[in-house]
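Just below is one structure, and these are the notes that go with it.
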Amino acid sequence: MPRRSFSRITPPAMREWADFTFENGDKGATVVALTGPLRISTIGDLDRRLEALEDKVDRLDLSQATDIDTAGAWIAWRFSRDWQAELTGASDKAQRLIAAVSQARGDDEAEAEHEGPLVITSGWLGKNILGAWHGAYKIIGFLGEVMIALGSLLVHPGRFRAKAMVHQMELVGVNSLGIIGLMSFLVGIVIAQQGAVQLREFGAEMLTINLTGRISLRELGILMTAIMVAGRSGSAFAAQIGTMKLTEEIDAMRTIGVSPMEALVVPRVLAAMLMMPLLGFFASLCAIIGGAVISAFQIGIPFFIFLTRIQEVVPLHDFWVGIIKAPVFGLIIAVSGCYNGMQVKSNSEEVGLRTTMAVVAGIFMVIVLDAFFAVFFSEVGLG
Amino acid sequence: MSTDETGDYPIIIEGLCNGFGDQLIHENLSLKVRRGEILGVVGGSGTGKSVLMRSIIGLQQPRGGSIKVFGNEVADGIDAQESKDIRPRWGVLFQGGALFSTLTVEENIEVPLRQFYPEISDNLRGEIARFKVKISGLPEDAAFKYPNELSGGMKKRAGLARALALDPELLFLDEPTAGLDPIGAATFDQLTSELQETLGLTVFLITHDLDTLYAICDRVAVLADKQVIAVGTIPELLALDHPWIQEYFNGPRGRAAQSSQDRGRKAKAQPDVAKALPDVAKALPGVAKAMDNSRESGA
């Protein structure tokens, strides 16, 4: 019987608590008598005190218990079992309840095996490394499945879900115009304003136009758009598909003979790939307009002069560098969202977890690839 | 209202009105649930059986009328004090079990214990959860499983175990046998009736299952025409000539359930006779043989 120290909880005044008396009966037998109502609402304190008893008890008397429920019956039965004490004075109800709870004799909880911290840490590390490896392997497999689905749609164009794709294009593209435009406009303001402050030191304030125009078109417009699309649409893909997995909608699709790859994943991937360049270009324009607005106020470059200068100082290949990256980023975000959605298996918590993973992995991969693109384009002479 | 009445009737509903938008679900509905009975609630789809239950347990605010649970008026919403008084005294089994999917069965059962009686030690809480698992007819190792690892029938039992966590006086069951195989449904019925007897529960049972009605319900309330059109034992209901009731109980499924119930009763009754008269049977082998014959022909 476990013994442990305890502090007695002061019971609220309203409740009548169960209690016990301890006495030495005739012939030296010790008797514990439970008193008061033995209900789940009243036994919390009694349980601790009974557990702390150290003397041997021969008999447990229930005749002074005014009421009993299964929790009370369990306490009484467990006590008499642990002490090999005889149960007496049980009412009909108490006997019935004790009979019911005594079927469940197992308080032998399956004890988890405890391992040392070294084993746990290295096990955790190994599991995560293997998990990352398998994850990478599986996501490439998933990308392959998407390609196969695209290929089979080329062969059977009748199965292509144009309507679903247009709907997704609206969700991914049209509905995010406002937020992406505003964000880029503000980013443009920040770049031009901060750039102007630094360039003024060299008397080269006019280079603010070069800075804003080139960085918007080449890098920031697309990158910020990708982050926003990952947050808005990548997460939505994961959550939608994950919930559909939970409610067995995806299984239902399969049994009907609809491929979830073709019906759900391909429209989303294509929508993201088509919308990303458009959104990215739109974002670049908004950033340039933002830069032009702040320049008009802060540096004194008139708005239209700023825009005219942009045409002169920004080479066309900056535009292409941005636009070529956009569909790739769209693909990464959509695949990351759909893949994580498809990985949901058991419960609603996993939907949340997978949604987070979709966004984090999507943004991370976008930034990694962006670094590769930057090096690549300057190496091939599009610097 | 006298206190005696609230003592005898844990649930008293008077003049209840419920609706969504323009659609009226209940109009002037009245019903009393007696202490210690299993009340079956039947009605066609869309007659508002679940809405009625949700109104009683405070998940749906009615448009009008009075619902008294243990003498507390709940139709005007359940305030904090009432919630503390009433909620531990009832348990609810939702249709799909409604187990918390991120918790094991044991942790699911511990949720109400933690909520209402935080003074109970972790040890005892775990023990209570595990004997509830056992009482609900689940194997003991089910306590450590997650809901998605359980079959439909086991989920219902786990949901029942959670509903019984606080030893409630009042148990709400929303279609407990829906989606179970006939054997599973029959054992669930038996379990409900055993628990009702052992724990002295009052059970409010929504069902479509005619077998359940015949097997365990003390009384049946029939919902139709936005009201409870009749409450009574099945023979009492059969005596009424409301078309829906007649069709319900005398339709092909109703008859099948009734006859299977009669068969079950006969099969149970005959061995008792044989047991009661062992001497006679021994003394008169012919009678015993005749009894056996009659049993065969009876079945």
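The values are calculated or read from the model by the stated rules, or taken from the named source; none is laboratory data. Please read all numbers here as calculations on a predicted model, not as lab measurements. Note that each Cβ is placed from the backbone with ideal geometry, even for glycine, and that neighbours are counted across all protein chains shown. Areas reflect the complete protein model, heavy atoms only, side chains present, ligands, DNA and RNA absent. Shrake-Rupley method; radii C 1.70, N 1.55, O 1.52, S 1.80 Å.
How many residues, within region A:45-68, are open to solvent by less than 60 Å² (accessible area, probe 1.4 Å) and within 16 Å of residue A:35 (Cβ to Cβ)?
Qualifying residue count for the region: 13.
Per-residue answers, yes or no, for (1) farther than 28 Å from residue B:55 by Cα; (2) open to solvent by 10 Å² or more (accessible area, probe 1.4 Å); (3) within 9 Å of chain A (Cβ to nearest Cβ):
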residue: B:95; (1), (2), (3): no, yes, no
residue: B:104; (1), (2), (3): yes, yes, no
residue: B:111; (1), (2), (3): no, yes, no
residue: B:135; (1), (2), (3): yes, yes, yes
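I need the full set of residues from region B:9-27 which are hydrophobic (A, V, I, L, M, F, W, C) and free of Cβ contacts under 8 Å to residues at least 60 places away in the same chain, in order please. Even if it seems obvious, please write down each step before you answer.
Going residue by residue through region B:9-27, those that are hydrophobic (A, V, I, L, M, F, W, C) are B:11-13, B:16-17, B:20, B:24-25.
Passing the criteria: B:12, B:13, B:16, B:17, B:20.
Condition (residue is in a loop (DSSP other than H, G, I, E, B), farther than 30 Å from residue A:297 by Cβ and more than 27 Å from the chain's Cα centre (by Cα)) applied to region A:160-172: is it met by at least one residue? Quick ask: steps written out before the conclusion?
Going residue by residue through region A:160-172, those that are in a loop (DSSP other than H, G, I, E, B) are A:160-161.
When the remaining residues are screened for being farther than 30 Å from residue A:297 by Cβ, the result is A:160-161.
Then drop every residue that is not more than 27 Å from the chain's Cα centre (by Cα), which leaves A:160-161.
Yes, because at least one residue in region A:160-172 is in a loop (DSSP other than H, G, I, E, B), farther than 30 Å from residue A:297 by Cβ and more than 27 Å from the chain's Cα centre (by Cα).
Which pairs have Cβ atoms under 8 Å, sit 6 or more apart or on different chains, and link a residue in region A:146-159 that is within 19 Å of residue A:340 (Cα to Cα) to one that is of a type in the set (Asp, Glu) and in a helix (DSSP H, G or I)?
Listed pairs, sorted by first residue: A:149/A:262.
Looking at (1) surrounded by fewer than 16 Cβ atoms within 10 Å (Cβ to Cβ); (2) within 26 Å of residue B:180 (Cβ to Cβ), which is the only condition residue B:220 fails?
Residue B:220 satisfies every listed condition except (1).
In this structure, is residue B:67 farther than 21 Å from residue B:165 by Cβ, touching a helix residue (DSSP H, G or I) at 6+ places or on another chain (Cβ under 8 Å) and more than 10 Å from chain A (Cβ to nearest Cβ)? Don't jump to the end; show me each part of the working.
Details: farther than 21 Å from residue B:165 by Cβ: yes; touching a helix residue (DSSP H, G or I) at 6+ places or on another chain (Cβ under 8 Å): yes; more than 10 Å from chain A (Cβ to nearest Cβ): yes.
It is true that residue B:67 is farther than 21 Å from residue B:165 by Cβ, touching a helix residue (DSSP H, G or I) at 6+ places or on another chain (Cβ under 8 Å) and more than 10 Å from chain A (Cβ to nearest Cβ).
Looking for whichever is at pLDDT 85 or above and either away from chain B (no Cβ under 12 Å) or closer than 21 Å to residue B:122 by Cα (or both) here; the options are A:51, A:111, A:145. Which one fits? Talk me through it step by step, then tell me what you get.
Numbers: A:51 fails: at pLDDT 85 or above; A:111 fails: at pLDDT 85 or above.
Of A:51, A:111, A:145, the one residue that is at pLDDT 85 or above and either away from chain B (no Cβ under 12 Å) or closer than 21 Å to residue B:122 by Cα (or both) is A:145.
The rows are residues; the columns are (1) in contact with a Lys or Arg (Cβ under 6 Å, 6 or more places away or on another chain); (2) touching a residue at least 60 places away in the same chain (Cβ under 8 Å); (3) open to solvent by less than 50 Å² (accessible area, probe 1.4 Å); (4) away from every other protein chain (no Cβ under 14 Å).
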site: A:304; (1), (2), (3), (4): no, no, no, yes
site: A:324; (1), (2), (3), (4): no, no, no, yes
site: A:340; (1), (2), (3), (4): yes, yes, yes, yes
site: A:362; (1), (2), (3), (4): no, yes, yes, yes
site: A:365; (1), (2), (3), (4): no, no, no, yes
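To keep it simple, each residue is scored yes or no on (1) within 27 Å of residue B:238 (Cα to Cα); (2) away from every other protein chain (no Cβ under 14 Å); (3) buried (at least 22 other Cβ atoms within 10 Å of the Cβ).
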position	(1), (2), (3)
B:165	no, no, yes
B:169	no, no, no
B:177	yes, yes, yes
B:184	no, yes, no
B:189	yes, yes, yes
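Being within 11 Å of chain B (Cβ to nearest Cβ) and open to solvent by less than 20 Å² (accessible area, probe 1.4 Å) is the filter here, so list the residues in region A:69-93 that pass it.
Matches in region A:69-93: A:69, A:70, A:71, A:72, A:73, A:74, A:75, A:78.
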